[in-house]
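**Student:** A single structure is presented below for examination.
The values are calculated or read from the model by the stated rules, or taken from the named source; none is laboratory data. Owing to the predicted nature of the structure, the values given are computational and were not obtained by experimental measurement. Cβ placement follows ideal geometry from the backbone for every residue including glycine, while neighbour counts extend to all protein chains displayed. Areas reflect the complete protein model, heavy atoms only, side chains present, ligands, DNA and RNA absent. Shrake-Rupley method; radii C 1.70, N 1.55, O 1.52, S 1.80 Å.
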Amino acid sequence: MITVSNVTLRYGKRALFEDVNIKFTPGNCYGLIGANGAGKSTFLKILSGEMEPNKGEVSITPGERMAVLKQNHFEYDEMEVLKTVMMGHARLFEIMEEKNALYAKPDFSEEDGMRAAELEGEFQELDGWQAESDAAELLIGLGISRDLHEQKMKDLGGNEKVRVLLAQALFGNPNILLLDEPTNHLDIESINWLENFLARFEGTVIVVSHDRHFLNQVCTHIADIDFGKLQLYVGNYDFWYESSQLALKLTRESNKKVEEKRKELEAFIQRFSANASKSKQATSRKKQLEKLTLEDIKPSTRKYPFIKFQPEREAGKQILTVDKLTKTIDGELVLNNISFTLNKGDKIALVGPNGHAKTTLFQVLMGELEADSGEYAWGVTTTQAYFPKDNSAYFNSDMNLVDWLRQYSKDQDESYLRGFLGRMLFSGEEALKKASVLSGGEKVRCMLSKMMMSGANVLILDEPTNHLDLESITALNNGMVDFDGSMLFVSHDHQFIQTVANRIIEITPNGIIDKMMTYDEYLESDEIKKQREQLYA
C-alpha cells in the first residue's frame, strides 16, 4: 500500500499539488488522469522517490517492493536483453551477480563458501531458479522473440526497447507497479497480454495512459489531478467521464427536483454497473459502483475542445474508387495492387502493422505522391479534408494563430476567428501565439480547426490522436462519430476505431482484408485470423 500524506509541490508561485492525501491499496488499479501539464508524470516521480515534494511524505508498507517503468531507453544499452529484464528485481540481480563473482574466484575460500551459502538461501527464497524462464516468458508475451534475448539492448529498435523496459517493470512479482504510458509502441496482441497480466496482478497499480480502452479494461479507480488536488473516483475512465458530465448537467439544472436527479443518477449507475462485467477488473468495481450516492459524483473542471465536422453539401453515391494501386519506395513494395471502393456513409479504419503503407496510400489519394501503377477517382460531388501524419510544413510561419486560421476561413472577421479558436481552447492571449512555437497537441487542434472550416464531406485522417490529451481525444472521437459523411482514418486507439469505424480494411503484404464490421468483431473473428495467417505467411 502507498500512503500519500499532505504532499505539496510548488514551482515558484504555481502549485502543482496542494496537500494531497490519498491511499493506494492492493488489488486495485488506479488510472492517473489530468490535463497536459497537470503533473501526472511528476506525481509518479514523487511516489517512486525520484523527486522530493516541498512538503508531506509518501510511505510504503514495510517489505513491499515497488517497480517503475523506466523512460530512459539508453540506460541499459550495454546489457543483454534478458539481464535487463532481471535487473527489475534489484536485490535478486545483486545476489546473482555476487554469486557469479564468488564462484569465478580462483582462490575460493571457506569464508567465500559461507557467503555463497547465504546467498543461495536468499536466492531460493526469491525464486531465483525461475528468474530466467520468468523473464523470457514476459518478453515473449510482449512480442520479443527468443532470438533477441541474448542480444544487447543497443542492437534493438526503439519499439523493442520500450517492451523490454516494460518487462523489466513487471518482472519478479513486485507489490506496487508505477506505469507511465505502458501501451506506447505496443501492438494489439501485446496490449491485450498486458491487460490480462494486470487483471491477475494482486498488488497495487498506478498507471498514466492516453489509451481509453486500456484504462477502461484495467482500472478499478480513476485518480483525477485537477487544480492542484487529487480526487479519487470508483470506476474506469468512461465511468469518470460520463459521471462528471452528468454532474455538470445536474449542477446547471439546479432547480430540478432532487428526487428526479437521484433517479437519473441511479439509472446511470445501473447502466455502468451492468457494463462493468465487460472489463478485466469487473467484480470489485461493480460492487463499489452500486454504493455511490449523488454526493460522490462531482463535475470536472476539465475543458474539452468543440469539434464538429459539418459538410457544406451532401455527397452523391460515388465517393472514391481505388483500382490496383501499386507503389514502391526505396526498393520496398509499400502498396501491392490495392483495390477498394469507399461508399457513401462508410467510415473505414485502415489497420495493419505497416504504418508506412497506410500513410503512403493517403499521400497518393491526396495527390502528394504518384502511384507506380493503378488509378483512383474521387466522385465529382466530393470535397476532401486531410489530416496528415506529419503536419510540420503547415507551421513554418511567424503568423499568429488568428492570421494562421484566417487563411482557411471564408469569414475573415477577427471576432469570428477568435471565437472559433476559443472553442478549440485558444482563448485570450493564446490566440496570438506564433504558429511556429506551438506544441504537438496545439498543432493538432489547429489542423482540426482547418478541417472543420473546410466544410468537406469526406475526411481523411492519419493518426489524428497523436499528441492529444484525453480530453481532446474524447472530443475528436465524439466529433467523428457524429460526422454525417464518409471517412478514411488510421489510428492506434482501440476505442477510437471501435466507436467510429463501421468497416475495417487491413493492408497486408499480399493483399487487403475488407470487412463491414466493428473492430472488436474483426479482432475476434476466427475466419479473419486464418485469413491473416495466410496473407502474412
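**Student:** Looking at (1) over 21 Å from the mean Cα position of the chain (by Cα); (2) within 23 Å of THR341 (Cα to Cα), can you tell me which one ALA501 breaks?
**Tutor:** Going through (1) over 21 Å from the mean Cα position of the chain (by Cα); (2) within 23 Å of THR341 (Cα to Cα) one by one, ALA501 breaks only (1).
**Student:** Do we have any residue at all in the stretch 342-349 that's touching a residue at least 60 places away in the same chain (Cβ under 8 Å), touching a Lys or Arg at 6+ places or on another chain (Cβ under 9 Å), closer than 30 Å to LEU438 by Cα and open to solvent by 60 Å² or more (accessible area, probe 1.4 Å)?
**Tutor:** Taking every residue of the stretch 342-349 in turn, none turns out to be touching a residue at least 60 places away in the same chain (Cβ under 8 Å), touching a Lys or Arg at 6+ places or on another chain (Cβ under 9 Å), closer than 30 Å to LEU438 by Cα and open to solvent by 60 Å² or more (accessible area, probe 1.4 Å).
**Student:** Which number in (1) open to solvent by 20 Å² or more (accessible area, probe 1.4 Å); (2) closer than 28 Å to ALA475 by Cα; (3) of a type in the set (Ser, Thr, Tyr) marks the one condition that SER409 misses?
**Tutor:** (1)
**Student:** Next up: Looking only at the stretch 407-461, which residues are in a loop (DSSP other than H, G, I, E, B) and more than 24 Å from GLU471 (Cβ to Cβ)?
**Tutor:** The answer is GLN407, SER409, LYS410, ASP411, GLN412, ASP413, GLY455, ALA456, ASN457.
**Student:** Also, quick follow-up: Looking at the stretch 222-247 only, could you name the residues that are open to solvent by 30 Å² or more (accessible area, probe 1.4 Å), acidic (Asp, Glu) and touching a residue at least 40 places away in the same chain (Cβ under 8 Å)?
**Tutor:** The one that is open to solvent by 30 Å² or more (accessible area, probe 1.4 Å), acidic (Asp, Glu) and touching a residue at least 40 places away in the same chain (Cβ under 8 Å): ASP226.
**Student:** Additional query: In the stretch 389-402, is there at least one residue being open to solvent by 10 Å² or more (accessible area, probe 1.4 Å) and among the aromatic types (Phe, Trp, Tyr)?
**Tutor:** yes
**Student:** Please specify each residue of the stretch 294-321 satisfying the condition of being in a loop (DSSP other than H, G, I, E, B), open to solvent by 30 Å² or more (accessible area, probe 1.4 Å) and hydrophobic (A, V, I, L, M, F, W, C).
**Tutor:** Hit for the stretch 294-321 is PHE306, nothing else.
So that you can scan it fast, the table gives a plain yes or no per residue for (1) at positive phi; (2) under 18 Å from the mean Cα position of the chain (by Cα):
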| site | (1), (2) |
| --- | --- |
| GLY428 | yes, no |
| ALA431 | no, no |
| LEU438 | no, no |
| MET447 | no, no |
| SER454 | no, no |
| MET487 | no, no |
| HIS492 | no, yes |
| PHE496 | no, yes |
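**Student:** Restricting to the stretch 329-341, name every residue that is open to solvent by 60 Å² or more (accessible area, probe 1.4 Å) and either more than 32 Å from the chain's Cα centre (by Cα) or under 12 Å from VAL364 (Cβ atoms) (or both).
**Tutor:** Selection gives GLY331, ASN337.
**Student:** Name the residue, out of ASN36, ASN100, that is of a type outside the set (Phe, Trp, Tyr), at negative phi and under 29 Å from the mean Cα position of the chain (by Cα).
**Tutor:** Criteria check complete, one pass: ASN36.
**Student:** Can you give me the ranges of the helices (runs of 4 or more DSSP H) entirely in the stretch 484-537 with at least 2 residues that are open to solvent by less than 80 Å² (accessible area, probe 1.4 Å) and touching a residue at least 40 places away in the same chain (Cβ under 8 Å)?
**Tutor:** 494-500, 519-524
**Student:** Here is a further query. Taking GLY428, is it in contact with a helix residue (DSSP H, G or I) (Cβ under 9 Å, 6 or more places away or on another chain) and free of Cβ contacts under 8 Å to residues at least 12 places away in the same chain?
**Tutor:** Yes; evaluated as a whole, the condition is true for this residue.
**Student:** Do we have LYS324 as over 24 Å from ALA475 (Cβ atoms), at pLDDT 70 or above and open to solvent by 20 Å² or more (accessible area, probe 1.4 Å) here?
**Tutor:** Against the criterion (over 24 Å from ALA475 (Cβ atoms), at pLDDT 70 or above and open to solvent by 20 Å² or more (accessible area, probe 1.4 Å)), LYS324 qualifies.
**Student:** From ASN6, ASN100, ASN36, ASN21, grab the single residue that is open to solvent by 60 Å² or more (accessible area, probe 1.4 Å), assigned to a helix (DSSP H, G or I) and either at pLDDT 90 or above or not β-branched (Val, Ile, Thr) (or both).
**Tutor:** ASN100
**Student:** Another question about this same structure. For the stretch 193-228, give me the residue count where each residue is under 24 Å from HIS492 (Cα atoms), among the small types (Gly, Ala, Ser) and at pLDDT below 90.
**Tutor:** 1
**Student:** Being closer than 18 Å to TYR522 by Cβ, at pLDDT 95 or above and of a type outside the set (A, V, I, L, M) is the filter here; which residues of the stretch 344-357 pass it?
**Tutor:** ASP346, LYS347
**Student:** Related question: PRO53 passes all but one of (1) under 17 Å from ASN175 (Cα atoms); (2) open to solvent by less than 50 Å² (accessible area, probe 1.4 Å); which number fails?
**Tutor:** Single failed check for PRO53: (1).
**Student:** Considering only residues that are assigned to a loop (DSSP other than H, G, I, E, B) and over 23 Å from PRO182 (Cα atoms), look in the stretch 122-160 and name the one that is most open to solvent (accessible area, probe 1.4 Å).
**Tutor:** So the residue we want is GLU150.
**Student:** Still on this structure, please answer the following. Can you find a residue that is of a type outside the set (Asp, Glu), surrounded by 15 or more Cβ atoms within 10 Å (Cβ to Cβ) and either touching a residue at least 40 places away in the same chain (Cβ under 8 Å) or under 21 Å from VAL205 (Cβ atoms) (or both) anywhere in the stretch 112-121?
**Tutor:** Checked the stretch 112-121: no residue is of a type outside the set (Asp, Glu), surrounded by 15 or more Cβ atoms within 10 Å (Cβ to Cβ) and either touching a residue at least 40 places away in the same chain (Cβ under 8 Å) or under 21 Å from VAL205 (Cβ atoms) (or both).
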